[in-house]
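Below is one structure, written out as C-alpha cells; comments come after it.
The values are calculated or read from the model by the stated rules, or taken from the named source; none is laboratory data. As the structure is a computational prediction, the values presented were derived from the model and not from experiment. Here Cβ is always computed from backbone atoms with ideal geometry, including for glycine, and neighbour counts include all displayed protein chains.
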Amino acid sequence: MWRKAILLSLREKKVFTVFTLIYTTLIFLTSFFINLGFQGDLGELAIPLILIFFGTSLFLSLLYAWILVSRKRRVWATFKCIGYTNKNILVLVSGMIFFTTLVGFFIVIEVLFHFAAAIAYLNQTDLDLTLTILVDLGPVIFTSVIFIVVQLFAFYLAYRKVLKVRPIIALKKVGE
C-alpha cells in the first residue's frame with residue numbers, strides 16, 4: 001500500500017512539488033530559528049517565529065490533506081467500488097502526506113550536508129573565511145519529528161473526508 005501511495009503522490013506532480021518545496025522551506029526555517037534560539041542569537045523573537053512556522057505547517061498539512069481527498073474523490077470512489085476499505089484509502093492518503101513530508105526532510109538534510117561540505121572545503125583553503133555550519137542536525141530532526149506529528153491532524157481530516165466519499169460517485173458519469 002505504501003508503494004501505491006508513493007506512486008499516487010508522484011503522479012500528482014504539481015501539487016506534490018509545491019507542497020514538498022513548502023515543507024522543505026518550513027522545515028529549514030523552523031530548524032534555523034530553533035538553532036538560533038538555542039545559541040541565544042535571536043533572543044525572544046525565536047519562539048514566536050517557531051510557533052508561526054509550526055502553525056503554518058499545521059494549516060498547510062490540513063490544506064494538503066483536503067486537496068488530496070477532494071481532488072481525487074472519483075479515484076477514492078473507484079477504489080471503494082473495487083473493494084478497497086476506508087482504512088486502505090486512508091493508508092494511501094496518509095502515505096502520500098507522509099511521503100511529501102519525508103521528501104522535504106531529506107532535501108533539507110541534503111542541502112545542509114552539501115553546505116557543511118562546502119564550508120569545510122573553503123575553511124581548508126588559504127581563504128581566511130570564518131564560516132560556520134548553518135543549522136545543526138539536532139534541530140532539523142526535532143523539527144521533522146514535530147512536522148510528522150502535525151501530520152496526524154491531516155490524517156484525521158483525510159479520514160473524515162474519505163468516510164464521506166460514496167462509491168456511486170465513480171459510476172455517476174458512466175452513462176453520459
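Filtering segment 52-70 to residues that are more than 11 Å from Val150 (Cβ to Cβ) and β-branched (Val, Ile, Thr) leaves Ile52, Ile67, Val69.
Going by what's in this entry, would Leu122 be described as within 16 Å of the chain's Cα centre (by Cα) and not basic (Lys, Arg)?
Values: within 16 Å of the chain's Cα centre (by Cα): no; not basic (Lys, Arg): yes.
Criteria not met by Leu122.
From the list Leu92, Leu68, the lone residue that is touching a Lys or Arg at 6+ places or on another chain (Cβ under 7 Å) and under 17 Å from Arg11 (Cα atoms) is Leu92. Answer yes or no: is there a residue in segment 42-51 that is crowded, with 17+ Cβ neighbours inside 10 Å, over 15 Å from Phe147 (Cα atoms) and charged (D, E, K, R). So far as segment 42-51 goes, no, none of its residues is crowded, with 17+ Cβ neighbours inside 10 Å, over 15 Å from Phe147 (Cα atoms) and charged (D, E, K, R). Could you grab me the full set of residues in segment 87-129 that are among the β-branched types (Val, Ile, Thr) and either surrounded by 19 or more Cβ atoms within 10 Å (Cβ to Cβ) or in a helix (DSSP H, G or I) (or both)? Correct list: Ile89, Val91, Val93, Ile97, Thr100, Thr101, Val103, Ile107, Val108, Ile109, Val111, Ile119. Can you tell me which of Tyr84, Tyr64, Tyr23 is modelled with pLDDT of 85 or more, not in a helix (DSSP H, G or I) and not small (Gly, Ala, Ser)? Residue meeting the stated conditions: Tyr84.
Identify the residue in segment 71-101 that is touching a Phe, Trp or Tyr at 6+ places or on another chain (Cβ under 9 Å) and among the aliphatic types (A, V, I, L, M) and, among all such residues, is nearest to Gln151 (Cα to Cα). Among those residues, the one meeting the criterion is Ile97.
For Ile52, state whether it is hydrophobic (A, V, I, L, M, F, W, C), under 19 Å from Phe106 (Cβ atoms) and either out of contact with any helix residue (DSSP H, G or I) (no Cβ under 8 Å at 6 or more places or on another chain) or in a helix (DSSP H, G or I) (or both).
Considered against the rule, which asks whether it is hydrophobic (A, V, I, L, M, F, W, C), under 19 Å from Phe106 (Cβ atoms) and either out of contact with any helix residue (DSSP H, G or I) (no Cβ under 8 Å at 6 or more places or on another chain) or in a helix (DSSP H, G or I) (or both), Ile52 comes out as no.
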